[in-house]
1. With (1) buried (at least 24 other Cβ atoms within 10 Å of the Cβ); (2) not charged (D, E, K, R); (3) not in a helix (DSSP H, G or I) as the list, and residue 111 as the residue in question, which single condition is left unmet?
2. Which count do you get for residues in region 261-291 that are part of a strand (DSSP E or B) and touching a residue at least 40 places away in the same chain (Cβ under 8 Å)?
3. For residues that are in a loop (DSSP other than H, G, I, E, B), in contact (Cβ under 8 Å) with a residue 40 or more places away in the chain and open to solvent by 30 Å² or more (accessible area, probe 1.4 Å), tally how many sit in region 13-51.
4. Given the condition closer than 30 Å to residue 39 by Cβ and not in a strand (DSSP E or B), answer yes or no: does some residue in region 296-309 qualify?
5. Please count how many residues of region 52-92 are touching a residue at least 60 places away in the same chain (Cβ under 8 Å), away from the ligand (no atom under 14 Å from the Cβ) and outside any loop (DSSP other than H, G, I, E, B).
6. All but one of (1) within 16 Å of the ligand (Cβ to nearest atom); (2) in contact (Cβ under 8 Å) with a residue 12 or more places away in the chain; (3) within 25 Å of residue 286 (Cβ to Cβ) hold for residue 95; which doesn't?
7. Could you tell me whether any residue of region 263-283 is within 23 Å of residue 36 (Cβ to Cβ) and over 19 Å from the mean Cα position of the chain (by Cα)?
8. Among the residues of region 167-178, is there at least one that is in contact with a helix residue (DSSP H, G or I) (Cβ under 7 Å, 6 or more places away or on another chain), hydrophobic (A, V, I, L, M, F, W, C) and either more than 16 Å from the ligand (Cβ to nearest atom) or assigned to a loop (DSSP other than H, G, I, E, B) (or both)?
Amino acid sequence: MNFIPYGKQFINEEDIKSVVETLQSDFLTTGPKVQEFEEALAFYCDAKYCIAVANGTAALHLASLVLLSENDKVLTTPNSFLATANSILYADAKPIFVDITPDGNIDLDLCEKELQKDSTIKAIYGVSFSGNMLNQEKLHHLQKTYNIKILEDNAHAIGATYGGIKAGSCTNSDIGIFSFHPVKHITTGEGGAITTNDENLYNKLLTLRAHGMVKTSDMKPWEYEMKELGYNYRITDIQCALGLSQLKRLDEFITRRITIAQKYDSAFKNTIVKPLYICNQRKSSYHLYVVQVDFTKIPITKEEMFLKMR
Ligand SMILES: Cc1ncc(COP(=O)(O)O)c(C=O)c1O
């Protein structure tokens, strides 16, 4: 059947050249491209630190290990890919689902009510659903008022902004994460990244990405110790070479997504198909264009609608 795929990568000659050059270099993994990619991402999203990892789920896992402790209660959204809530469970903490607002993001007013009722809640894990960032004024208020950790899952939202605040800048959060799966805006095949402005969290994350292993002293360059249980969540230089090349075209990709979103906005105007939000209201980077249809009001089933749309 001929239909528009859910997502498809856009690879050009520059991307291929960049990967081939790395394949011909001395490093296939943990070489200069990883650091270059991390620096370029941190610069792009106005964050102090960036750690590139194997995928977005690994980014969430490591973030949860540094933010949470066993049995911590975490407010999170039911409207996400399963990895967001799963990462809370990886850290033996407890996800508590909070309802969403009409734009698909976690309801931060309801979060505040939960925080007022229960002072033992330790964190909020929000998702910039579809590419639309969390309300930053409310996030700022919650971060300043309550003693909680905040994670922004920006897997959908690289390149999004909110009143000049960039997704991943962690202006009002402790940690942000990205995913570079091929359906996302830019890809590294599989890949992810963590951003933070906290040096302490950054150093912990670096250690956990590489088995929890550290060099104990410069005087004994042969000696390594495992300080804690870590993982191999490294990303390769080959992947980062692709990521660096893709990152150069990210703004172009987003402009294209916005053009398409505007076409949908006008096509659906005055129809039963209601977009979650209209393009010029948000600085969404449009990983998804999500619509709502009230099936109680029309003589068509969800299944029929799905096939018609496809
Ligand atoms: C909101 C969200 N968080 C996390 C992830 C996990 O990313 P990855 O597939 O790179 O592990 C995804 C993947 O689609 C996602 O949509």
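1. Of the numbered conditions (1) buried (at least 24 other Cβ atoms within 10 Å of the Cβ); (2) not charged (D, E, K, R); (3) not in a helix (DSSP H, G or I), the odd one out for residue 111 is (3).
2. Keep residues of region 261-291 that are part of a strand (DSSP E or B), which gives 274-275, 291.
Remaining after also requiring touching a residue at least 40 places away in the same chain (Cβ under 8 Å): none.
Total meeting the criteria: 0.
3. So in region 13-51, the residues in a loop (DSSP other than H, G, I, E, B) come out as 24-28, 30-31, 45-48.
Adding the requirement that they be in contact (Cβ under 8 Å) with a residue 40 or more places away in the chain leaves 25, 27-28, 30-31, 45-48.
Next cut, open to solvent by 30 Å² or more (accessible area, probe 1.4 Å) only: 25, 27-28, 30, 46, 48.
Total satisfying the criteria: 6.
4. Taking every residue of region 296-309 in turn, none turns out to be closer than 30 Å to residue 39 by Cβ and not in a strand (DSSP E or B).
5. 3
6. With (1) within 16 Å of the ligand (Cβ to nearest atom); (2) in contact (Cβ under 8 Å) with a residue 12 or more places away in the chain; (3) within 25 Å of residue 286 (Cβ to Cβ) applied to residue 95, the lone miss is (3).
7. no
8. no
The values are calculated or read from the model by the stated rules, or taken from the named source; none is laboratory data. Keep in mind that what you see is a predicted model, and the values were worked out from it rather than measured. For neighbour counting, all protein chains shown are included, and Cβ atoms are generated from backbone atoms with ideal geometry for every residue, glycine included. With ligands, DNA and RNA removed, areas are computed over all heavy atoms of the protein, side chains included. Shrake-Rupley method; radii C 1.70, N 1.55, O 1.52, S 1.80 Å.
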